[in-house]
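Student: What follows is a single structure, and I will ask about it in a moment.
Read the figures in this text as sums done on the coordinates, not as results from a lab. Values in this document were obtained by computation on a predicted structure and should not be read as measured data. Please note: Cβ atoms are built from the backbone with ideal geometry, for glycine as well, and neighbour counts cover all protein chains shown.
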Amino acid sequence: MSRRLALITGASAGIGAAFARVYAEAGCDVAITARRRDRLETLAAEIRKAHGVEVYCVSCDLAAPGAVDALLAEIKGHGREVDILVNNAGYGLPGGWSDTRWEDQAYFLQLMLTAPLELSHKVLGGMAQRGWGRILNIASLAGYAPVSSGHTLYGAVKAALIRFSQSVNIEMGAKGVHVTAVCPGFTLSEFHDVNGTRDAVNRLPRYLWQSAEQVARIGRKANEANRAVVVTGVPNKLIAGLSKVMPDDVGLMLGKSATWRQAGAKKT
Ligand SMILES: NC(=O)c1ccc[n+]([C@@H]2O[C@H](COP(=O)([O-])OP(=O)(O)OC[C@H]3O[C@@H](n4cnc5c(N)ncnc54)[C@H](OP(=O)(O)O)[C@@H]3O)[C@@H](O)[C@H]2O)c1
């Protein structure tokens, strides 16, 4: 098999589906995974018809015990190795730290951090041996922006993915493996329906939004250029740049005032 294989997690919607289309368009076979098998099959049929590449659908809950090994075993069962890994599956967990169940936070950590780390760890060796590999970790502008209350671990997890990508980018660069953290801002997908913030974010100005396809194209291009981090779009780059030079105390003040404003808004 001469075509490279791109494994994309969370490909049943949004940014993951866009990455699957972008890599197939670039001539790669794709392995797409998420929980909703019907969505994966529909996307697979579309991609096969448009690009004539091989598409493997693997339905799994990536936060379930043993999910990463089962996913990689299924790909190996097709006689394939992962050449490109897009760690994308994700969601937001609403609520404050003390209002949420530990079980829900543990599941969130497993999907958002442990699974991408485990996947990248388990495919990196093969990539290094073959002298070619690509890993994209879909982080977020939230990994740079000041924190506020609620969605407590989201920014922390995305910041960890950014720092992790930077380290492994340095470690693997000489071995032909490119590693990139992709940091989108507000992106049109199902994300804000799932995390219950659709009404609030619909009030944001149009220039803050990007399509999932824009994010995927920018992400792939940056990864091909072996950039350790890419923030997608000019407004997001400005916000990330400002956040990086903003003293922590100022960021915390902004976070507090946003939180208190929201609390005040709820009382009225
Ligand atoms: N949209 C934004 O504004 C935005 C901004 C910055 C970063 N991001 C990041 O971008 C990534 C993709 O989000 P999106 O905007 O494309 O959201 P989305 O449209 O809701 O898609 C999320 C994908 O993750 C999959 N997924 C969720 N839980 C899963 C689980 N337990 N096991 C396997 N797959 C699971 C979903 O598939 P199933 O439900 O079928 O399992 C779906 O394919 C996330 O990591 C998110 O944090 C999004």
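Student: In the stretch 58-100, what residues are of a type in the set (D, E, K, R) and either in contact (Cβ under 8 Å) with a residue 60 or more places away in the chain or touching a helix residue (DSSP H, G or I) at 6+ places or on another chain (Cβ under 9 Å) (or both)? Step through it out loud before you land on a result.
Tutor: Let us first name the residues in the stretch 58-100 that are of a type in the set (D, E, K, R), namely 61, 69, 74, 76, 80-81, 83, 99.
61, 69, 80, 81, 83, listed by residue number.
Student: Ok, one more. Of these, 237, 221, which one is within 15 Å of the ligand (Cβ to nearest atom), under 18 Å from residue 138 (Cβ atoms) and without any contact (Cβ under 8 Å) to a residue 12 or more places away in the chain? Full working, then the answer.
Tutor: Values: 221 fails: within 15 Å of the ligand (Cβ to nearest atom).
After ruling out the rest, the residue left standing is 237.
Student: Also, quick follow-up: Looking at the stretch 5-57, which of its residues are on the phi > 0 side of the Ramachandran plot, more than 9 Å from the ligand (Cβ to nearest atom) and touching a residue at least 12 places away in the same chain (Cβ under 8 Å)?
Tutor: Passing the criteria: only 27.
Student: Also, I was wondering about something else. Hey, any hits in the stretch 176-185 for a residue that's under 15 Å from the mean Cα position of the chain (by Cα), farther than 19 Å from residue 117 by Cα and surrounded by 15 or more Cβ atoms within 10 Å (Cβ to Cβ)?
Tutor: Yes, the stretch 176-185 has at least one match.
Student: Among the residues of the stretch 123-144, which ones are small (Gly, Ala, Ser) and either assigned to a helix (DSSP H, G or I) or within 16 Å of the ligand (Cβ to nearest atom) (or both)?
Tutor: Once the filter is applied, which keeps residues that are small (Gly, Ala, Ser) and either assigned to a helix (DSSP H, G or I) or within 16 Å of the ligand (Cβ to nearest atom) (or both), the stretch 123-144 yields 125, 126, 128, 139, 140, 142, 143.
Student: Still on this structure, I have one more. Which count do you get for residues in the stretch 145-162 that are away from the ligand (no atom under 11 Å from the Cβ) and under 18 Å from residue 239 (Cα atoms)?
Tutor: 6
Student: Could you count how many residues in the stretch 145-172 are in a loop (DSSP other than H, G, I, E, B) and either over 17 Å from residue 242 (Cα atoms) or of a type in the set (Gly, Ala, Ser) (or both)?
Tutor: The qualifying residues number 7.
Student: Going through the stretch 142-161 one residue at a time, which ones are surrounded by fewer than 21 Cβ atoms within 10 Å (Cβ to Cβ) and over 22 Å from residue 104 (Cβ atoms)?
Tutor: Hit for the stretch 142-161 is 146, nothing else.
Student: I've got another one for you. Between a residue in the stretch 183-208 that is among the basic types (Lys, Arg) and any residue that is within 10 Å of the ligand (Cβ to nearest atom), which pairs come within a Cβ distance under 9 Å, given they are 6 or more apart or on different chains?
Tutor: 198/192
Student: Given the conditions (1) closer than 25 Å to residue 190 by Cβ; (2) touching a residue at least 40 places away in the same chain (Cβ under 8 Å), report the number of the one that residue 122 does not fulfil.
Tutor: So residue 122 meets the others, but not (1).
Student: Counting only residues that are farther than 29 Å from residue 6 by Cα, assigned to a helix (DSSP H, G or I) and either within 14 Å of the ligand (Cβ to nearest atom) or not hydroxyl-bearing (Ser, Thr, Tyr) (or both), how many does the stretch 73-104 have?
Tutor: 5
Student: For the stretch 120-141, enumerate the residues that are aliphatic (A, V, I, L, M), in contact with a Lys or Arg (Cβ under 6 Å, 6 or more places away or on another chain) and surrounded by 20 or more Cβ atoms within 10 Å (Cβ to Cβ).
Tutor: Residue satisfying the conditions is 139 alone.
Student: Report, by residue number, each residue of the stretch 56-71 that is within 25 Å of residue 3 (Cβ to Cβ) and assigned to a helix (DSSP H, G or I).
Tutor: Once the filter is applied, which keeps residues that are within 25 Å of residue 3 (Cβ to Cβ) and assigned to a helix (DSSP H, G or I), the stretch 56-71 yields 68, 69, 70, 71.
Student: Go through (1) under 16 Å from residue 5 (Cα atoms); (2) within 13 Å of the ligand (Cβ to nearest atom) one by one and return the number of the condition residue 107 breaks.
Tutor: Failed condition: (1).
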